[in-house]
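For reference, the structure discussed in these notes is given below.
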Amino acid sequence: MHIKLLFLISLISVVKMSSASPLYSNDLLLLNKHFEPVELTNTHGKVIVLPELQGRVMVGAFSLEPQHSLYDQSIGWIHREYLTTKHTNPNQAIGGSTRLWFAPEKGPHAIFFAPEHAQVPENIRVPDAISMDEYEVLAKNNSEVSMRSQAKILSHSNFVFEIEVLRTITLFDETQILQSLEIEALDGIHVVGYQAKTQISNIGADDWSPDTGMLSIWDLSAFAPSDKTTVIMPFKGKLKQPTTYFNDNVPTHFHIANNKLYYRADAKHMNKIGIPIENTLPYLGSYDAVRNLLTIVTFSFNQEDKYYNNSVWFEEGYEPYNGEAINLFNDGPLDDQPPFGPFYELETSSSAKPLKAGASQQHIHRVYHLTGQRKALNKVSLAVLGVNLDTVEAVFK
């Protein structure tokens with residue numbers, strides 16, 4: 001996520017992930033120390049949700065036999081050292097397999113900068129609504145938890161967004177996985193799938209418009225990288241280069257072929273890229289050949305929506321609503337500073353809508369992790385992402 005560039009100045013310490021794979025059972029113990037985790041479980045997998053951290057999914061895991069190589073392994077990056085103490089820093093990078101943010105981050109109506117403050121890294125101000133506010137649990141069972149919060153967010157243009165947030169995390173059963181991925185069977189593979197559905201309502205007296213600024217819903221999924229993790233971003237139409245956000249894209253880390261943008265998610269080069277709206281398809285994924293782990297993200301998307309908040313950090317030719325719905329952030333060194341995780345993120349965003357007082361909008365972000373027989377994984381990758389895993393692995397060899 002590109003906001004990490006800003007944290008280079010505001011954060012003092014950075015912790016690298018241990019070479020040993022973190023265990024889900026240990027993460028659950030860790031998070032019980034200062035929070036009240038909600039664990040969703042079924043025969044396919046489990047996830048840990050923290051209402052106190054804006055209803056984010058922290059990590060997930062497969063339901064596997066102990067002899068399996070991925071048994072009890074956490075899927076998702078979280079800042080484990082920071083989480084050994086109470087959460088007190090709104091600007092702290094915490095991570096999570098899917099977490100909620102809002103945009104715009106940059107521009108005249110940015111919510112990350114106070115009025116009359118220059119939009120430079122040292123002035124970053126992450127709103128409490130996406131960093132500190134605890135969400136109220138409305139209902140929960142083994143497969144779903146629903147949460148609510150209300151907040152006021154001051155923008156750079158001195159407009160106050162008054163919102164109610166309803167956020168529901170759902171752990172999918174087999175029928176939901178098959179239907180949502182549009183595949184016939186799970187033969188030979190294990191899958192854990194979950195969804196974050198977020199609705200925001202304008203509960204203030206003022207309507208939102210392009211002139212006041214408009215919030216969009218932003219879901220970000222942070223995962224552990226490897227030297228053999230490749231992100232796959234299918235697109236339509238012609239695309240010569242991905243969008244650059246705060247530094248140059250380097251040819252060692254991306255490759256475009258056959259309407260696929262491939263990215264080396266090794267957390268060795270801090271970078272953020274995006275896909276223009278006209279090229280966007282509502283799905284992306286990654287394959288970690290080290291763990292034989294295929295991850296797929298799908299999301300709600302309507303190409304006819306007019307406004308997308310722009311989070312590009314370059315000032316020249318900046319257009320506030322010429323933004324994107326799909327992004328990739330690759331953590332890594334920048335200007336001799338070490339990485340934050342390391343991790344990489346698959347990000348999706350809703351459009352920004354001119355909500356009248358009392359009106360609402362929503363965004364759905366779905367995550368699926370798959371492992372198992374190579375032939376079966378290939379079948380899913382071809383069906384959803386349009387590429388086989390042999391091709392994915394060969395891109396950066």
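In terms of the mean number of neighbouring beta-carbon atoms within 10 Å, the peptides 371-380, 292-301 order highest first as 292-301, 371-380. With an 8 Å Cα cut-off and a minimum separation of 6 or more residues, compute the relative contact order for the stretch 307-383 in percent. This gives 23 percent for the stretch 307-383.
Straight-line cross-link reach from LYS106 at under 18 Å between alpha-carbon atoms covers these aspartates and glutamates, not counting any fewer than eight positions away in the same chain: GLU116, GLU122, ASP128, ASP211, ASP219, GLU315, GLU316, GLU319, GLU324, GLU347.
Counted by Cβ distance under 11 Å from GLY60, the other residues give a net charge of -1, where Lys and Arg count +1 and Asp and Glu count -1. For the pair GLU164 and ASN142, label points projected 7 Å from Cα toward Cβ lie 3.2 nm apart.
Electrostatic bookkeeping for ASN26 treats Lys and Arg as +1 and Asp and Glu as -1; over the other residues with beta carbon under 9 Å from its beta carbon, the sum is -1. Over the chain, Cα pairs under 8 Å with separation of 6+ residues give a relative contact order of 18 percent. Beyond a 27 Å Cα-Cα separation, which of these cross-linked pairs lie in this structure: LYS197/LYS356; LYS197/LYS397; LYS228/LYS379; LYS353/LYS379; LYS236/LYS379? Going by Cα-Cα distance, LYS197/LYS397; LYS353/LYS379 fall outside the 27 Å limit. Available extension along the chain between LYS152 and ASN302 is 51.3 nm, counting 0.36 nm per residue and deducting the alpha carbon span.
Descending by average beta-carbon neighbour count within 10 Å, the peptides 27-33, 275-281, 338-344, 205-211 line up as 338-344, 275-281, 27-33, 205-211, the highest first. Shape class of the stretch 204-264 from the Cα gyration tensor (axes a ≥ b ≥ c, square roots of the eigenvalues): prolate, since a/c reaches 1.5 or more and a/b is larger than b/c. Note that the chain presents 40 Å² accessible area per residue, ligands and nucleic acids not counted, probe 1.4 Å. Centre-to-centre, using Cα atoms only, the stretch 90-155 and the stretch 302-365 are separated by 13 Å.
Highest-first packing order for the peptide set 139-147, 108-116 is 108-116, 139-147, based on the mean count of other beta carbon atoms within 10 Å. A straight chain from GLU319 to ASP187 at 0.36 nm per residue would run longer than the Cα-Cα distance by 42.8 nm. Across the chain, Cα-Cα pairs more than 27 Å apart make up 46 percent of the total. Subtracting the Cα-Cα distance of LYS236 and THR85 from their residue separation scaled by 0.36 nm leaves 49.8 nm. Tally up the carbon and sulfur contribution to the accessible surface of the chain as a whole percent, 1.4 Å probe, everything protein left in place. Answer for the chain is 48 percent, counting heavy atoms of protein chains only. Could you work out the relative contact order of the stretch 215-302? I mean the mean sequence separation of Cα pairs under 8 Å and 6+ apart, divided by the number of residues, in percent. Relative contact order comes out at 36 percent.
The values are calculated or read from the model by the stated rules, or taken from the named source; none is laboratory data. In this text, all values refer to a predicted model and were calculated from it rather than measured experimentally. Positions of Cβ are generated from backbone atoms using ideal geometry, with glycine treated the same way; all protein chains shown enter the neighbour counts. Protein only, heavy atoms only, side chains kept; ligands, DNA and RNA dropped before computing areas. Shrake-Rupley method; radii C 1.70, N 1.55, O 1.52, S 1.80 Å.
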